[in-house]
1. Can you give the local net charge around Ser321? Use residues other than it whose beta-carbon is closer than 9 angstrom to its beta-carbon, Lys and Arg +1, Asp and Glu -1.
2. In nm, to one decimal, how far is the Asp459 label point from the Asn599 one, both placed 7 Å along Cα→Cβ?
3. For Ser25 and Asp194, compute 0.36 nm times the residue count separating them, minus their Cα-Cα distance, and round to one decimal in nm.
4. Taking only DSSP H segments of four or more residues, each worth -39500 (n - 2.57), what value at 222 nm results for the chain once the sum is divided by all its residues, to the nearest 500 deg cm²/dmol?
5. For segment 422-495, what class follows from the C-alpha gyration tensor (a ≥ b ≥ c being the square roots of its eigenvalues): rounded when a/c is under 1.5, otherwise prolate if a/b is larger than b/c, else oblate?
6. Determine which residues of segment 1-33 fall in the zone a paramagnetic label at Lys47 would reach in this model, i.e. backbone nitrogen under 16 Å from the point 7 Å along Cα→Cβ.
7. Quote the charge dipole size of segment 127-256 about the Cα centre in Debye, to the nearest 20; the model charges only the Cβ of Lys and Arg (+1) and of Asp and Glu (-1).
8. How much solvent-accessible surface does Asp375 expose, in Å² to the nearest 10, with a 1.4 Å probe and all protein chains in place?
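The values are calculated or read from the model by the stated rules, or taken from the named source; none is laboratory data. The model shown is predicted, which means the values in this text are computed figures rather than measured ones. Here Cβ is always computed from backbone atoms with ideal geometry, including for glycine, and neighbour counts include all displayed protein chains. Note: accessible area is taken over every heavy atom of the protein model, side chains too, but ligands, DNA and RNA are not part of it. Shrake-Rupley method; radii C 1.70, N 1.55, O 1.52, S 1.80 Å.
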Amino acid sequence: MIKFVGIAQNGHGSLLFYYQTKGRSQVLSVVSSDNGFDFSGKIREVKIVDNKRVPEKTFDYKSFRVSKQGYQYFLTYKQNSKKDPLLHAARSIDFTSWQKIGTIEIDKTATLIPDFKNDDAHVMYFGEEEIKIAFSKDLKTWNIDKKAVLPKSKKGFDSGNMEAGNAHEVGDDIVLTYYTKKDGRYQVGAAIFDRKNPADLVWRSEDPIFEFPGDFDKATVTPLGSTVINGKLALYFLVDDAALYVVECDIPQRNSKPIVRDFTTMFKKTDKNPIIAPNPANRWESRATFNSAAVLEDGKVHFIYRALGDSDLSVLGYATSTDGLTIDERLDEPIYIPREPFETPGQQVFKTFADHFASGGGYGGVEDPRITKVDDTFYMTYVAFDGANPPRVALTSISVKDFLDRNWDKWEKPKLISAPGMVNKNAVIFPEKINGKYVTFHRIYPNILIDYTDDLQFDNYLQGHHFIAPRKTHWDSKKIGAGAPPIKTDDGWLFIYQSVGYQNPHQYKIGAMLLDKNNPSKVISRTTSPIVEPVESYENEGFKSGVAYPCGAVVLNNKLHVYYGGADTVVCAASAEFDRFMYEMKRDKQPVLRRAQLNLFN
């Protein structure tokens with residue numbers, strides 16, 4: 001068994017300390033990495049001895065922190081035992097032969113500022129609840145300042161307990177990393193202290209510099225420390241006692257502020273809004289027309305929108321636009337109606353729309369369509385609701401030729417692709433295979449779930465192999481769901497999504513993500529502000545106030561058009577210059593967590 005113990009700075013690279021259990025004995029070793037990710041350097045055995053040269057035999061350590069102090073290295077660590085809570089200290093000149101100094105009268109995780117003295121005293125930050133400071137002339141006896149130099153914030157992400165990370169001297173500042181937990185998930189903060197007075201806090205992060213992804217919520221995560229690699233802060237984590245993960249972040253600077261670009265200002269809501277509104281002359285769409293899918297084909301944008309009429313039955317209507325904003329044509333009859341029991345109030349089977357009216361209709365039907373072209377077929381996902389059971393994801397398809405020829409009787413027989421007994425919505429299908437698999441996003445509160453399948457037959461229900469979670473400290477903090485099918489770009493998949501935040505729990509807003517081209521479960525960047533907010537009258541006057549809910553998006557003539565339902569009543573559009581928007585998206589790159597490459601058997 002191998003267990004990672006800690007990380008240390010080694011010049012411009014990193015060192016990984018780990019122990020291996022062989023039978024009844026343990027061996028502590030260290031391996032190096034020049035780039036901070038690939039630990040394939042020479043492996044050396046590590047010895048830690050006391051003043052009688054008796055070597056330590058067990059290495060179940062925690063709070064393992066190493067810092068350079070002149071010609072030597074100073075180590076503090078704790079035994080993973082409640083019987084021995086104090087910090088242990090040791091020194092070395094080569095990282096492999098350590099001489100124990102003894103214990104320090106501190107029972108919290110601690111880190112020394114490397115190669116630094118203040119008034120001829122070494123300086124240590126320590127804490128697991130709040131961060132304090134201590135000074136020592138000889139690295140043995142420590143004078144502790146009882147006042148916290150980094151107290152808990154009152155309302156920020158770090159309002160709970162904070163554990164000291166590592167200290168790094170950067171220019172005239174001392175940058176200290178620290179760890180906190182929120183909803184069981186590790187977040188990393190940073191603080192900057194004045195080099196002339198290391199107790200003087202001059203800046204602290206308002207938001208985490210890194211938040212551990214939601215994919216790991218069920219994993220056991222342990223922070224191991226940080227180093228500086230190529231001008232970046234490298235943060236290391238042990239996951240499930242088996243894997244080492246590392247993420248690179250920008251090193252915070254004094255007076256740094258979170259990057260908050262107002263993406264909302266990039267999107268202009270067309271003065272033609274709403275572009276599709278209820279038509280009192282048609283019984284099937286007299287009350288609401290909203291949440292429209294959109295696809296660009298044959299030089300036109302084709303809209304498939306949800307409609308409610310006199311019977312309160314959800315059906316799907318059709319319209320087209322050459323410029324993406326002006327409706328050129330709109331059909332007087334729905335192109336898709338509830339046909340199966342799972343999408344029909346009363347769970348009956350109907351062949352015509354007139355049959356629905358004869359039965360009295362009722363709340364339910366086919367809702368919130370999304371449409372994706374895959375090869376020569378359009379696949380349409382939607383929400384099927386029978387008025388009684390939890391809404392589920394349904395799938396149908398039609399050939400591109402039959403769609404353009406308006407052979408609406410050629411829609412394939414729909415099937416349910418999400419499991420019964422749970423609300424599952426917002427399904428979108430990617431337009432091509434990725435690594436030999438089809439990709440489908442869907443939503444079970446509060447996350448976007450991701451499925452990989454060999455085909456689009458969906459013989460098994462959607463499972464949720466991976467997920468993308470809300471961001472607890474951002475505008476999209478409560479729940480998120482897929483909006484439009486992702487659009488492939490040179491830089492990755494552009495993905496429009498919808499969200500509700502705790503800050504405005506009654507408003508649906510629209511955001512965007514840029515996803516890795518070969519791994520769409522990896523978020524490269526994510527808008528720090530919404531791209532569309534429901535502030536106009538047509539987004540607040542209707543069936544539901546405060547709703548901007550996307551189901552479609554296209555790129556036409558270098559314009560990104562996002563189509564959304566306003567107030568659950570009308571179809572609206574907002575547009576941005578595509579190139580400029582993508583440029584800003586790329587600037588908002590999020591730190592990417594990667595699994596380190598290990599070679600521990602050379």
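1. -2
2. About 4.2 nm, to one decimal.
3. Details: separation 169, 0.36 × 169 = 60.84 nm, distance 4.52 nm.
Gain on extension, Ser25 to Asp194, equals 56.3 nm.
4. Numbers: 3 runs with 22 residues, N = 602.
The per-residue figure over the chain is -1000 deg cm²/dmol.
5. Numbers: a/c = 2.28, a/b = 1.27, b/c = 1.80.
Here segment 422-495 falls in the oblate category.
6. Residues 26-30 fall inside that zone.
7. Values: 17 positive and 22 negative charges, 100 e Å.
Magnitude of the dipole: close to 480 debye.
8. For Asp375, solvent-accessible area is about 120 Å².
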